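First up is the structure itself, then whatever we jot down about it.
The values are calculated or read from the model by the stated rules, or taken from the named source; none is laboratory data. Nothing here was measured: the structure is a model prediction, and the numbers come from that model. With ideal geometry, Cβ positions are generated from the backbone for all residues, glycine too; neighbour counts draw on all protein chains shown.
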Amino acid sequence: MELQTKKIAVIGGGITGLSAAFYLHKQLEEQGLEAAIQVYEASPHFGGKIHTREREGIIFEKGPDSFLSRKLPIIELTKDLGLEGELTGTNPDAKKTYILHRGRLHPMPAGLVLGIPSKISPFIRTSLISPLGKLRALMDLMLPRKEDLADESLGDFLERRLGKEVLDRIAEPLLAGIYAGDTHELSLQATFPQFASMELKYRSLILGTMRAGSSPQPNLPGLPPAAGKSIFMTYRKGLKTLVDGLLSALKDRAELMNNIAVDRIVKQVGHDSYELMLSDGTKELVHYVIIALPAYQTAKLLADIASADVLEKLEYVSVANVVLAFKREELNYHFDGSGFVIPRSERRFITACTFTSEKWLHTAPKDKVLIRCYVGRSGEQEWTQMTEEQIVARVRQDLQEIMGIETEPLFHEVTPLHRSMPQYGVGHLDRIETLRNDLKQVMPHVWATGACFHGVGLPDCVRQGREAAAYIVGHMKETMK
């Protein structure tokens, strides 16, 4: 049975799915097309891992806490929603970041860009790297470029260019922290393709970083002064501002359904339509589908696509966030930075720590301090077998030994994020391209996307949602010719 009204289903109400629904409506309107948009979310709330809370006058995030301002899709979405006045940046007086080395916090040398030196003098002076390690890193200025353009691991690339010391002590805790992964397992092309481009264009990674650092930053007009010059951004009332803005914009433009999962997608024989089998026992017939779910859930919906096993096999790492609030007067610690990261070699329970109230001045009253610690990464998943009390005890032990903090917190909150960090292995992009090509052949009006495809950050998810909308609207235009 063919549908009279075009229906588009978005499966997944996280930031990718909500962005897709928003841009579907926007692009349909711009093209003079009409369709009914339905968003299905299996959990009680929309927004995926974004979860902002307020407690005792303190604003904190249980999931992601910010985004890179240089990645413009989220800035553009913010403007589309009229929320640019809510943006805020980091505290300019808390620029220092530390790295734990042999039990002590060492300031990160000035001029590091994603762990790559862009200024030689501060790098030469750092106590993080031995003299031999510094010489090895500076060999990058003379080493030839790699002629083979095949994908390689991020760790192999950085060790080849800068040496093992810089990789282990600086680059790995900074870069792998984004994915909670092992740099020797992560794909260079899927995580930091700009590094490969630098080597190809400038031969030297350090020279390429220097040149990139001298280039003008993207023009971001119309943003509040507190946000316009910041590397990282969030919203004054937390990231829920973006979710609330999307839900408000979609209120009369899409049907938003929570607590309903899509269990199966069946292509209708002889028709360009799909039957959705829903978790409440009902069925829904639609023309177009956008899937914005974790890889292991997407794989079940695409079971008829042979290459979808790439999603079934995609590894995930579980992480946890632990926030602790203190009375400032009870802490005997001088905060002069935004936090620290921890290399694997230090063998600590926590992987990084953000001095949240110092980095983001809007998050806490001046008489309180908010600290956020990160737990878990590839190969370090023991926390998943621990109770909340055990996790907090281990976190506090690390804070006591690293920072000398013994004070009892006003409160703490532990947020476990099981199977939350997709691991892009070497060759990831090729495998995803094969899947996409097969999907177009079997289910041409279905588009699968999200953090397990092309980027885990919030701006990457927004971009992928917008691209999904463009794909579906493009197909609608083609079928109407």
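Within segment 435-455, residues that are touching a residue at least 60 places away in the same chain (Cβ under 8 Å) and within 12 Å of ALA468 (Cα to Cα) have Cβ atoms under 7 Å from residues that are of a type in the set (Val, Ile, Thr) and in a helix (DSSP H, G or I) in these pairs: TRP447/ILE472; ALA448/THR298; THR449/THR16; GLY450/THR16, counting only partners at least 6 apart in sequence or on another chain. Filtering segment 244-260 to residues that are of a type in the set (S, T, N, Q) and part of a strand (DSSP E or B) leaves only ASN258.
For segment 365-376, the count of residues that are assigned to a loop (DSSP other than H, G, I, E, B) and without any contact (Cβ under 8 Å) to a residue 60 or more places away in the chain is nonzero. One residue alone among GLY63, GLY85, GLY89, GLY103 is on the phi > 0 side of the Ramachandran plot and outside the structural domain of GLU172 (by TED's automatic domain parsing), and that residue is GLY103. Considering the conditions (1) under 26 Å from LEU81 (Cα atoms); (2) buried (at least 20 other Cβ atoms within 10 Å of the Cβ), VAL446 is excluded by exactly one of them, (1). Of the residues contained in segment 29-39, one or more are found to be closer than 30 Å to THR282 by Cβ and part of a helix (DSSP H, G or I). Please count how many residues of segment 1-28 are part of a loop (DSSP other than H, G, I, E, B) and farther than 23 Å from TYR235 by Cα. Number of matching residues: 7.
Here GLU358 passes the criteria (1) in contact with a helix residue (DSSP H, G or I) (Cβ under 9 Å, 6 or more places away or on another chain); (2) part of a helix (DSSP H, G or I); (3) of a type in the set (Asp, Glu) except the one numbered (1). For TYR98, the conditions (1) hydroxyl-bearing (Ser, Thr, Tyr); (2) surrounded by fewer than 18 Cβ atoms within 10 Å (Cβ to Cβ); (3) not in a loop (DSSP other than H, G, I, E, B) all hold with the exception of (2). Scanning segment 413-464 for residues that are part of a helix (DSSP H, G or I) and of a type in the set (A, V, I, L, M, F, W, C) turns up LEU429, ILE432, LEU435, LEU439, VAL442, ALA451, CYS452, PHE453, LEU458, CYS461, VAL462. Checking each residue in segment 327-342 for being of a type outside the set (S, T, N, Q), within 21 Å of THR97 (Cα to Cα) and touching a strand residue (DSSP E or B) at 6+ places or on another chain (Cβ under 7 Å) picks out ARG328, LEU331, GLY337, GLY339, PHE340, VAL341, ILE342. Consider GLU284 carefully, then state whether it is part of a strand (DSSP E or B), acidic (Asp, Glu) and touching a residue at least 40 places away in the same chain (Cβ under 8 Å). The answer is yes for GLU284. Note on segment 261-281: among residues that are charged (D, E, K, R) and part of a loop (DSSP other than H, G, I, E, B), the one that is farthest from the chain's Cα centre (by Cα) is ASP272. Condition test on ASP140, is it within 30 Å of CYS373 (Cβ to Cβ) and surrounded by 17 or more Cβ atoms within 10 Å (Cβ to Cβ)? So ASP140 fails the test.
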